[in-house]
Amino acid sequence: MKRKVHVISIQEEYLDIISKQLIEVLGDRIEIYSITIKSLKMDMILPGDIVILSKGILKGITRPFIPASCPIIIGKREINIVNTKELIILPDGQNILVVNDTIEQSKETAFSLENIYFEHTYFVDDGVNPIPENIDFIVTPGEKQLVPEHFTNVIDIGPRILSFQTFLELSNLIDEHNDKLHLMNRYMKSQISLAKEFIHDLGGKRKDTRELVELYNPDIPPVKTSSSILTDDKINSITSKIDKHGFLEESIKILELYERGKRQFQSYGRLKVKQMLEDSGFTLSEQQIRIRLEVLQELGLLLARQGRGGTTITTVGEKFLEVQRGK
């Protein structure tokens, strides 16, 4: 029987990320219930359930909603090392300014980076210590909007994820005889899966970062990525390609199903999609569904991920749906 795990966070976006990661690592052993602070209600969490809080500061405000018998884990954050390829090829001795949404988060990120890429010197704008004028790069974990557009030497390493230590603590609660090597392999899989989704959603923005690194290593070819910005021409191109196959209406319905699944942190196999389509009046074979999914993936509207994370709608897919609904 799967153990119920409730994940509580302030930010819905971060809740989405760590819920996906939990599915990737322990999806066969736990049932995940994702809750934002504003939607937390009495009797949602039952005695014996496990609770993961995204921050220690939430412990006080959530205590009335959590039965005394529930173990509580404070989720520790760590950078996703798979997203730090640009840092690997930087020359030693760079001065790097770390920018995050709070001073505390910036310091945590800088500490993580320093433990991994010790060849560089890291600075945080804490309002106390001066920042040197000769900053070589600015590194941010998914908070690029906090960096003035004037700066072009910015490396976005993507949002931080749950640390392996957090998963080890959770796994011990589920099974005290857990296999650490097995858990580590799954954790690494989750890093790769989330990094793939991050790069896909970034689209052309990733290329800008790559060009910075090419100044130091011109032999590395630029990464070719498609822009996540949907221009009228791109919308027409996507619509035309789907329509060419003769299943525009069905494709929109499929995207809507995956959009709903993303919001509910659910993944669907082809049989489930087939059933849901039939409930909506679309009768398709598994083979027909497979073809439609492949086309949507090729167009960047869906992202097929390995493991229990399953297929999910991309940012481009969500924007495409918005445009179609507005017609």
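Taken together, the values in this text are just the output of simple stated rules run on the coordinates, not laboratory data. Quantities reported herein were computed from a predicted structural model and do not represent experimental measurements. As a convention, Cβ positions derive from the backbone with ideal geometry for all residues, glycine included, and neighbour counts pool all protein chains shown.
Under the membrane-span-like helix rule (DSSP H runs whose alpha carbons stretch at least 27 Å along the helix axis, mean Kyte-Doolittle hydropathy -0.5 or higher), the chain yields 180-202.
If you take every DSSP beta bridge fully contained in the chain, what fraction is antiparallel? Give it as a percent rounded to 5.
15
Once the convex hull of all Cα atoms in the range 64-131 is built, its volume per residue stands at 135 Å³. Would you mind calculating the relative contact order of the chain from Cα pairs under 8 angstrom and at least 6 residues apart, reporting the percent as a whole number? Reported as a whole number, the value is 15 percent. Computed from the Cβ-Cβ distance with R0 of 30 Å, the FRET efficiency linking E143 to K244 stands at 0.15. Between L168 and I72, the contour length at 0.36 nm per residue exceeds the Cα-Cα span by 33.2 nm. Note on K234: lysines with a C-alpha under 21 Å away, same-chain residues under 8 apart excluded, are K205, K207, K224, K244, K253, K319, K327.
Each stretch of four or more DSSP H residues adds -39500 (n - 2.57); spread over every residue of the chain, this sum gives -14000 deg cm²/dmol at 222 nm. A protection proxy built from the mean count of other Cβ atoms within 10 Å ranks the segments 151-158, 190-197, 179-186, most packed first, as 190-197, 151-158, 179-186. Once a ≥ b ≥ c are taken as the square roots of the eigenvalues of the Cα gyration tensor of the range 251-322, is the result rounded (a/c under 1.5), prolate (a/b larger than b/c) or oblate (a/b not larger than b/c)? In terms of gyration-tensor shape, rounded.
Magnitude of the charge dipole for the range 232-326, about its Cα centre and with charges confined to Cβ atoms of Lys, Arg (+1) and Asp, Glu (-1), is about 400 debye. Sorting 277-288, 312-323, 54-65 by their mean Cβ neighbour count within 10 Å, with the most densely packed peptide first, gives 312-323, 54-65, 277-288. Placing R0 at 35 angstrom, the Cβ-Cβ distance between D101 and D232 gives a FRET efficiency of 0.55 after rounding to 0.05.
Listed by chain and number, the lysines placed with their C-alpha closer than 30 angstrom to that of K2 are K20, K38, K41, K55, K59, K76, K180, K189, K196, K262, K272, K274; residues fewer than eight positions away on the same chain are left out. Of (i) 51; (ii) 58; (iii) 61, which one was derived for percent of Cα pairs over 24 Å apart from the structure shown? It is the value labelled (iii).
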